[in-house]
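Okay, structure first, notes after.
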Amino acid sequence: MTRDQRAMLYGVGAVGLWSTVATAFKWSLATMRPIELMSIAALVSWAFISMLVMRKGEMPTALRHGWHQALWAGMMNPVAYYLMLFAAYDRLPGQEAMAINYTWALTMALLAVPILKQRLTLVDLAAGLISYAGVWVIATRGDVFNVNFADPVGVGLALFSTLLWALYWLFNRRDERAPLVAQWQNFTVGLPVLWGLMLWQTGLQWHGWASLGAGVYVGLCEMGIAFVLWQLAVHTVSRTAKVSNLIFLSPPISLLLLHVVIGEPILSSTLLGLVLILGGLGMQQLQKAPQDDAVAEH
């Protein structure tokens, strides 16, 4: 098996796991509050990544260096980003929150202009207009001439989560920490904050084994195994664009799982909006130089 074939397997594995998390989010949030789900998931992810860091012998370095970066990065991811994302999933149908979340790459391209002093191309503008037209279709549930959103707070939370995620990656462009070390340090900073918020808001509550299992699954797959598989794919493949396009497989699989497992009816407005969002992302992807394809998210 060639390196590129191995990379594609890693990438397909990561995208396959990311395709299930929208369903896991909705399943978990039916019985838990967002802060409870996030606290369990973050603890599981931190434990999993801790084992990987120790196995690679990187714990001494992780304990000594990089904490100045982790202090603010950990507050953005996992704390702020995932709390906003889970709150959006708590208020919106999974299909709507998932589709809006996919606009983070376009948000990053727009924010790179003032933050990184990059040039905004006509393709960027066209891609943004097309994708955010898709967001409008989803937010209005097809009634595009009516500004009375079905759930304006949920839509706002979903859009704010894309802003946080884009800012997180832009501010981390010069992060010299190894990916696993950075992930471990960020979660080490964020974990006590999340658990403190949970104990303050809800205290420790038991919601049953099914809810606990869903939280463990989110932490292990969304924030743990999928992250490692994607990093392996990006670092193994000869050209990152070969695996970055795999992210386009995730939304349709997510929609299908939400329909089959959760029972969400697939709205025609979601399908149309998702086509527009993916069309805009596709336009942006075509103009990327290979070295610019950095990271993808569910």
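A few comments on the model shown:
- Test: residue in region 140-147 that is part of a helix (DSSP H, G or I) and either touching a residue at least 40 places away in the same chain (Cβ under 8 Å) or not hydrophobic (A, V, I, L, M, F, W, C) (or both): no
- Members of region 227-253 that are of a type in the set (S, T, Y) and over 21 Å from A127 (Cβ atoms): T236, S238
- The residues on offer are M75, M54, and the sole one that is surrounded by fewer than 17 Cβ atoms within 10 Å (Cβ to Cβ) and without any contact (Cβ under 8 Å) to a residue 60 or more places away in the chain is M54.
- Only listed residue being out of contact with any Pro (no Cβ under 9 Å at 6 or more places or on another chain), surrounded by 17 or more Cβ atoms within 10 Å (Cβ to Cβ) and either assigned to a helix (DSSP H, G or I) or touching a residue at least 24 places away in the same chain (Cβ under 8 Å) (or both), chosen from G190, G213, G196, G219: G219
- Selection from region 8-39 of residues that are surrounded by 22 or more Cβ atoms within 10 Å (Cβ to Cβ), assigned to a helix (DSSP H, G or I) and aliphatic (A, V, I, L, M): A14, V15, L17, V21, A22, A24, L37, M38
- The test for being closer than 30 Å to L63 by Cα and either in contact with a Gly (Cβ under 7 Å, 6 or more places away or on another chain) or in a helix (DSSP H, G or I) (or both) does not hold for L249.
- If you check L125, L163 for being closer than 28 Å to L271 by Cβ, without any contact (Cβ under 8 Å) to a residue 12 or more places away in the chain and not in a loop (DSSP other than H, G, I, E, B), only one passes: L125.
- Restricting region 137-155 to residues that are under 19 Å from L276 (Cα atoms) and crowded, with 17+ Cβ neighbours inside 10 Å, the residue that is modelled with the highest pLDDT is V155.
- Lone qualifier among L43, L83, L37 - being touching a helix residue (DSSP H, G or I) at 6+ places or on another chain (Cβ under 9 Å), modelled with pLDDT of 95 or more and under 23 Å from G196 (Cβ atoms): L43
The values are calculated or read from the model by the stated rules, or taken from the named source; none is laboratory data. As the structure is a computational prediction, the values presented were derived from the model and not from experiment. Positions of Cβ are generated from backbone atoms using ideal geometry, with glycine treated the same way; all protein chains shown enter the neighbour counts.
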